[in-house]
Amino acid sequence: MIQSRRSLSQIAFEAKVDALICAATSNGATNFAALLHGLPAVYPTELLASLDRLAAGGMINSAFAALVRQQAAATGSDTVEGRSLLPLPHPLDFEWRFTPDAARSLLNRAAEMTPAGADILLFGTPGLAVEALTLPIGRRLAFLAENNSVTDRVLELNRATGSPLSIAFCSGGLPRQSADAVLLDPPWYLDFVRPMLAAAAHACRPGGVVLISLPPDGTRPSAEADRQKVIGFGRRLGLDPIEHCPLAISYETPFFERNALAAAGIYPPQHWRRGDLLAFRKARAPTRHSLALSAQRREWTEARIGRMRLFVRANGETRSGEAGLTSLIDGDVLPTVSRRDTRRRLAQVWTSGNRIFRTNNPQLVLEAAISCAGETMGSGVQPRLWGTMQEHEQLERIADELRALAALEVQEERGAPMVALEGSMTWRSSSTPYWNKSTVTISG
């Protein structure tokens with residue numbers, strides 16, 4: 001029965017996307033980019049699947065569908081933007097960042113909705129925090145964040161600009177009624193949205209506002225129903241909805257998503273993804289207890305090798321045989337970014353370019369990654385002494401693989417075509433030492 005409901009929901013969603021595309025073509029959308037920008041955040045693979053259905057049913061010209069698919073597969077049609085001041089987003093963090101224009105618009109909107117000298121809390125939005133460092137808005141600003149390499153970089157930038165931000169970690173506890181406006185951008189899943197919205201309501205003063213980004217109707221079958229659930233949940237937290245602005249927020253396409261789409265043979269334009277902006281006003285005390293947030297230690301440990309962020313699930317499992325990285329899928333790049341993809345559960349090594357691997361010795365891979373991270377900076381970081389010459393040779397071989405991966409992903413990030421990694425590659429990349437046990441904010 002559950003499977004039937006899911007199938008019916010998917011069928012209804014596909015019919016909705018088909019109708020949207022027919023309307024868009026009737027209104028003059030004549031190419032892949034125009035279709036993407038004209039639709040309510042329909043994913044590129046869903047768009048192309050819809051075109052195939054419509055062409056097969058005679059609803060659109062088959063030559064037009066073929067032309068759009070050809071445009072979607074064309075590389076180099078859009079300029080890759082310059083590098084961010086922050087470390088790359090990683091797919092395990094479900095992190096998409098606002099475009100600079102969207103970030104400035106959100107900060108200005110929060111300023112418009114609050115009096116001069118008010119307190120604004122940026123909750124889990126590192127890109128917004130960086131933009132706020134240089135935007136004079138006449139408000140006191142605070143940033144509540146996870147303890148990870150991205151926040152470490154925000155801390156550095158904050159110090160370099162005279163510390164205009166007050167920065168705290170989620171693990172240190174949540175503020176209570178300390179902000180006149182709270183801006184948050186949770187991962188677009190209800191188990192993330194609910195506790196983060198509850199924390200925002202907890203931090204917001206009476207009469208203050210909460211601004212949250214949510215998935216538009218074209219994102220997935222449940223998007224509209226999920227938004228209504230969020231509104232209902234907000235009311236129980238004392239938050240009344242006062243504004244809904246569809247497709248008001250533009251996002252940068254993170255490197256991991258660019259690689260995922262490239263692995264599927266799709267090269268969309270920059271900033272195709274948009275979100276809805278939903279604004280609440282805190283009108284009364286909550287009628288339910290807030291869900292607790294806790295920064296709990298994950299089983300993943302992070303090491304940075306140059307630009308590449310590498311996450312290793314060092315769960316103590318060690319199997320016999322040659323240690324190293326084992327491919328899980330052809331080309332190694334996971335061609336989706338959805339957490340519903342079952343292949344995510346198989347990964348033990350995961351790069352910021354969305355490459356996933358298994359390994360029979362996660363600890364050795366982590367040791368090799370830490371060695372790579374420290375070697376060029378002369379930090380003196382050394383892996384522990386392995387007991388045999390064979391283990392030492394394996395460590396060096398894995399380190400070479402990781403350096404090659406890092407160099408390959410630097411080229412891809414700059415817009416070079418994706419290529420398969422060869423075992424004989426001996427690229428070396430400049431490395432910034434960083435490793436830590438990663439945490440994630442989840443509901444308690």
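For the list (1) surrounded by fewer than 22 Cβ atoms within 10 Å (Cβ to Cβ); (2) aliphatic (A, V, I, L, M); (3) at pLDDT 95 or above, I need the number of the one condition that Leu197 fails.
Unmet condition: (1).
Sort out which residues of region 154-176 are surrounded by 19 or more Cβ atoms within 10 Å (Cβ to Cβ) and modelled with pLDDT of 90 or more, and write them in order of number.
Residues satisfying the conditions are Val154, Asn158, Leu165.
Report the residue count in region 332-358 for those that are in contact with a strand residue (DSSP E or B) (Cβ under 9 Å, 6 or more places away or on another chain) and either free of Cβ contacts under 8 Å to residues at least 40 places away in the same chain or open to solvent by 50 Å² or more (accessible area, probe 1.4 Å) (or both). Let's see the steps before the verdict.
Filtering region 332-358 down to residues in contact with a strand residue (DSSP E or B) (Cβ under 9 Å, 6 or more places away or on another chain) leaves 332-334, 343-344, 346-358.
Right, trim to either free of Cβ contacts under 8 Å to residues at least 40 places away in the same chain or open to solvent by 50 Å² or more (accessible area, probe 1.4 Å) (or both) and you get 343-344, 346-349, 356-358.
Residues flagged as in contact with a strand residue (DSSP E or B) (Cβ under 9 Å, 6 or more places away or on another chain) and either free of Cβ contacts under 8 Å to residues at least 40 places away in the same chain or open to solvent by 50 Å² or more (accessible area, probe 1.4 Å) (or both) within region 332-358 amount to 9.
One line per residue, one yes/no per condition, for (1) touching a helix residue (DSSP H, G or I) at 6+ places or on another chain (Cβ under 9 Å); (2) assigned to a helix (DSSP H, G or I); (3) free of Cβ contacts under 8 Å to residues at least 40 places away in the same chain:
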| position | (1), (2), (3) |
| --- | --- |
| Glu95 | yes, no, no |
| Leu122 | yes, no, no |
| Leu141 | yes, no, yes |
| Asn147 | yes, no, no |
| Val154 | yes, yes, no |
| Leu157 | yes, yes, no |
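Residues being open to solvent by 10 Å² or more (accessible area, probe 1.4 Å), more than 21 Å from Gln10 (Cα to Cα) and among the aliphatic types (A, V, I, L, M): count how many of those fall in region 26-70.
7
For region 284-312, what are the residues that are open to solvent by 10 Å² or more (accessible area, probe 1.4 Å), among the aliphatic types (A, V, I, L, M) and either over 19 Å from the mean Cα position of the chain (by Cα) or modelled with pLDDT of 95 or more (or both)?
Answer for region 284-312, where residues must be open to solvent by 10 Å² or more (accessible area, probe 1.4 Å), among the aliphatic types (A, V, I, L, M) and either over 19 Å from the mean Cα position of the chain (by Cα) or modelled with pLDDT of 95 or more (or both): Ala285, Leu291, Ala292, Leu293.
Does region 101-138 hold any residues that are open to solvent by 50 Å² or more (accessible area, probe 1.4 Å) and not acidic (Asp, Glu), and which are they? I'd like the intermediate steps shown before the answer.
Taking region 101-138 and keeping what is open to solvent by 50 Å² or more (accessible area, probe 1.4 Å), we get 101, 104-105, 108-109, 112, 115-116, 134, 136, 138.
Those that are open to solvent by 50 Å² or more (accessible area, probe 1.4 Å) and not acidic (Asp, Glu): Arg104, Ser105, Asn108, Arg109, Pro115, Ala116, Thr134, Pro136, Gly138.
The values are calculated or read from the model by the stated rules, or taken from the named source; none is laboratory data. Bear in mind the structure is a predicted one, so any value in this text is a computation, not a measurement. No Cβ is skipped: glycine too gets one built from the backbone with ideal geometry, and neighbour counts run over all protein chains shown. Heads up: the accessible areas ignore ligands, DNA and RNA and are worked out on the full protein's heavy atoms, side chains in. Shrake-Rupley method; radii C 1.70, N 1.55, O 1.52, S 1.80 Å.
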